[in-house]
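K.L.:
The following block contains the structure, expressed as structure tokens.
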Amino acid sequence: MEKLSGSRNTLLLAFAWLVALVATLGSLYYSEVRNFIPCTLCWYQRIAMYPLALLLGLAVWRNDPGIRPYALSLSLLGLFWSSYHLLELWVPGLAPSVCKGPIPCNVEYLPQFPIPLQAWIAFALISLALLGVRKA
């Protein structure tokens, strides 16, 4: 049973890392290749996502389920900021805006699949995977 739990943890950590890596590379693609300028809330989400790609990658490499509380904290924080961003995007004026930069948070570069929704899905998938990780 111990071996089964260990391989399950490895798969869940690897899945969470893959999602974080794709989200990180995707955000870099949007800003560096497509020249989408990130708003303040986008930066908050990046602050939560970028370390996840590194921390979860190290956790997979070391097969370390002990990363769970730290990574889950970052992921839930990112989920909060993504939710807030979606609220500002879909229900303007409901929440006070935190955007002070040159790019408003309610402008969407990809209206058919908003970037904050992409981030929300990534944070939700990472959080769900991490909730399944158990202590060794």
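All of the numbers you see were taken from the coordinates with simple rules; none came from a lab. Bear in mind that the values here come from a model prediction, so they are computed numbers and not experimental data. Here the Cβ positions follow ideal geometry from the backbone for every residue, glycine too, while neighbour counts run over all protein chains shown.
K.L.:
What ranking do Cys105, Cys99 get, fewest neighbouring Cβ atoms within 10 angstrom at the top? Working shown, then result.
P.N.:
On the way: Cys105 23, Cys99 16.
Exposure proxy ranking, most exposed first: Cys99, Cys105.
K.L.:
Give the residue from Thr24, Leu89, Phe113 lying farthest towards the positive end of the charge dipole for the chain; charges sit on Cβ (+1 for Lys and Arg, -1 for Asp and Glu) and the dipole is referred to the Cα centre.
P.N.:
Of the options given, the answer is Thr24.
K.L.:
Follow-up question, since we're still on this one. In what sequence do Glu32, Glu88 fall when counting other Cβ within 10 Å, fewest first?
P.N.:
Numbers: Glu32 9, Glu88 22.
With the sparsest Cβ surroundings first, the list reads Glu32, Glu88.
K.L.:
For each of Val19, Val60, Val107, count neighbouring Cβ atoms within 10 Å of the residue's Cβ, then give the residues from fewest to most. Present the calculation step by step, with values, prior to reporting the outcome.
P.N.:
Working: Val19 23, Val60 20, Val107 11.
Ordered from fewest to most neighbouring Cβ atoms within 10 Å, Val19, Val60, Val107 come out as Val107, Val60, Val19.
K.L.:
Mean residue ellipticity at 222 nm from the helices of the chain, using -39,500 (n - 2.57) per DSSP H segment of n ≥ 4 over the full residue count, to the nearest 500 deg cm²/dmol? Before the final figure, lay out each step's value.
P.N.:
Numbers: 4 runs with 91 residues, N = 136.
Helices in the chain give a 222 nm mean residue ellipticity of -23500 deg cm²/dmol.
K.L.:
What percentage of all Cα-Cα pairs in region 2-132 are separated by more than 19 Å? If you can, show how the numbers build up before the last one.
P.N.:
Details: 4081 of 8515 pairs.
Within region 2-132, distances greater than 19 Å cover 48 percent of Cα pairs.
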